[in-house]
Amino acid sequence: MKILESQNGLLSNYEVYQHIVETQKRNKSYKRRVPGNLATLMTEVLTYLREKPGPLEKQEETGAYSPAAISNLLENIQQESFQSELAKGEFLSILNLRPDSTAILSVIVEDMEERFTEDEQNRLVQIIGDTLGRNEPSADAGTDQKTIQSVENGI
Amino acid sequence: MFILTKIADLVQIAPEDFGKQSHVAIEDNLNAKYANKVVQKIGLFVCLWDILWTSEGLIGQGDGFANVNVECRMVVFRPFKGEVVVARIASQTREGISLATDFFHDIFVPWSELPEGSEFETREGLWVWREDDQEMFYDNNEMVRFQVLSEEWHDQAPSGPLDLADQPASELLPPYKITGSMKAPGLGCAIWWEE
């Protein structure tokens, strides 16, 4: 084996998800058996991508992620003309994690406090929720509410 | 988290696979060889993405294998430095917390990378984060977010019989290990940060 290009491109979790789902569907329709190691890994990766709090958990039902939704997100963010632009890696992480609070956004976006005003941060979270959908809160989330507040203020 | 890696390889198609269509035979061959394997300094190979180019199949002397040169792209698990990734708590010790995803198990968060106020609860065998009179446990099997700090590679090429005697098989280091951090706000158990 020869490595021609160690990094030819970055893939979002959604693209990998889509690729695996389609490969499995195709194999099923041709009644094809794939090598055992591949079958195991494909199942494991799919399970992982469908796990909470991953945004693809209910992709099958909601179809929240699509090529159109992703370009929409990019357009909507550009239209806001924030004072700073998101880097490629940051945008990719937003797609993969779908942050629903500024606390989570702050670990993805480097130096967020300096690059974006508070209004812009909230607007960004809102745009992400509007275009990619939101997580449904789990039943026992309420008890931790106070801690989140106190930690957020202390950033 | 995932990248595309372009590789060139010689694929040998066995005569019993001649019944398959060429591209199917090549795909199976590449997947059987690389899926779920770590390649040093590249990452964990997941599956074939697309085939870019193939040569004619040539049959050499001595066996009936069709030899095809292939250029293709593979999906590889290789989170970049600073990326935030979701994983599950696998086990905990005084040294830190071991994390795993369903398909990758060698992720470690040392104690120094846990938020201030974290302590190891010996009785429970769990880490706990104390903040403003609140106790929050890192429960096993809980989903957490962590940030990739660094990676380690250990080539597992077999060593000679003399070297092997010094190092028992059980102490083999993982081929690809990720060290992470859960210090910053927003990291740690996912349910702590739900709005």
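We did not get these values from a lab; they are worked out from the coordinates using the rules stated. Quick caveat, the model's predicted, so the values are computed rather than measured. As a convention, Cβ positions derive from the backbone with ideal geometry for all residues, glycine included, and neighbour counts pool all protein chains shown.
Counting every alpha-carbon pair across region A:13-61, the share separated by more than 16 Å comes to 39%. Which angle from 0 to 90°, rounded to the nearest 10, does the C-alpha axis of helix A:36-49 make with the longest principal axis of chain A? With both axes taken from Cα atoms, the answer is about 20 degrees. Helix B:22-34 axis versus longest C-alpha principal axis of chain B: approximately 40°, rounded to the nearest ten. Compactness check for region A:66-132: Cα Rg over 2.2 N^0.38 Å is 0.99.
Pairs exceeding a 29 Å alpha-carbon distance, out of A:K58/B:K33; A:K2/A:K28; B:K33/B:K81: A:K58/B:K33; A:K2/A:K28. A viscosity of 1.567 mPa s and a temperature of 4 °C, combined with the Kirkwood radius over Cα pairs in Stokes-Einstein, give a translational diffusion coefficient for chain A of 72 µm²/s.
Using the average count of surrounding beta-carbon atoms within 10 Å as a protection proxy, the listed peptides B:152-158, A:118-124, A:40-46 rank, highest first, as A:40-46, A:118-124, B:152-158. Net charge dipole, region A:66-132: roughly 320 debye, given to the nearest 20, about the Cα centre with Cβ charges of +1 for Lys and Arg and -1 for Asp and Glu. For B:L52 and B:V128, the difference between the fully extended length at 0.36 nm per residue and the C-alpha to C-alpha distance is 22.3 nm. Label-to-label distance for B:N69 and B:N140 is 5.3 nm, based on points extended 7 Å past Cα in the beta-carbon direction. Only Lys, Arg, Asp and Glu carry charge here, each on its Cβ (+1 for the first two, -1 for the last two); on that basis chain A has a dipole of about 1380 debye about its Cα centre. Past 31 Å, Cα to Cα, is the threshold; run B:K41/B:K183; A:K25/A:K52; A:K31/B:K41 against it and keep the listed order. From the list (B:K41/B:K183; A:K25/A:K52; A:K31/B:K41), the Cα-Cα distance tops 31 Å for A:K31/B:K41.
Per residue of A:40-49, other chain Cβ atoms within 10 Å of the residue Cβ number 6 on average. Between B:K37 and A:S71, the modelled labels are 3.8 nm apart [label points 7 Å from Cα along Cα→Cβ]. For the protein assembly as shown, a crude dipole built from +1 on the beta carbon of Lys and Arg and -1 on the beta carbon of Asp and Glu, taken about the Cα centre, is about 1580 debye to the nearest 20.
Per the Kirkwood formula on distinct C-alpha pairs, the Rh of chain B is how many angstrom? The answer is 19.8 Å. Taken along its three principal axes, the alpha carbon spread of the protein assembly as shown comes to 75, 57, 35 Å, from the longest extent down to the shortest. Between the helical axis of A:13-29 and the dominant principal axis of chain A, each derived from Cα atoms, what acute angle in degrees is found, rounded to the nearest 10? Rounded to the nearest ten degrees, it is 20. Across 5 Å bins from 0, what is the distribution of all Cα-Cα pair distances for region B:120-163, in whole percents? With a bin width of 5 Å, the distribution comes to 5, 14, 13, 15, 12, 10, 7, 10, 8, 3, 2, 1.
Positive end of the dipole of region B:1-103 (Cβ unit charges, origin at the Cα centre): among B:L52, B:G64, B:A25, the Cα lying farthest that way belongs to B:L52. Karplus-derived 3J(HN,Hα) values for region B:86-102, using 6.51 cos²θ - 1.76 cosθ + 1.60 with θ = phi - 60°, are 8, 8, 10, 6, 9, 7, 9, 9, 4, 6, x, 10, 8, 10, 8, 9, 4 Hz; glycine and proline are entered as x.
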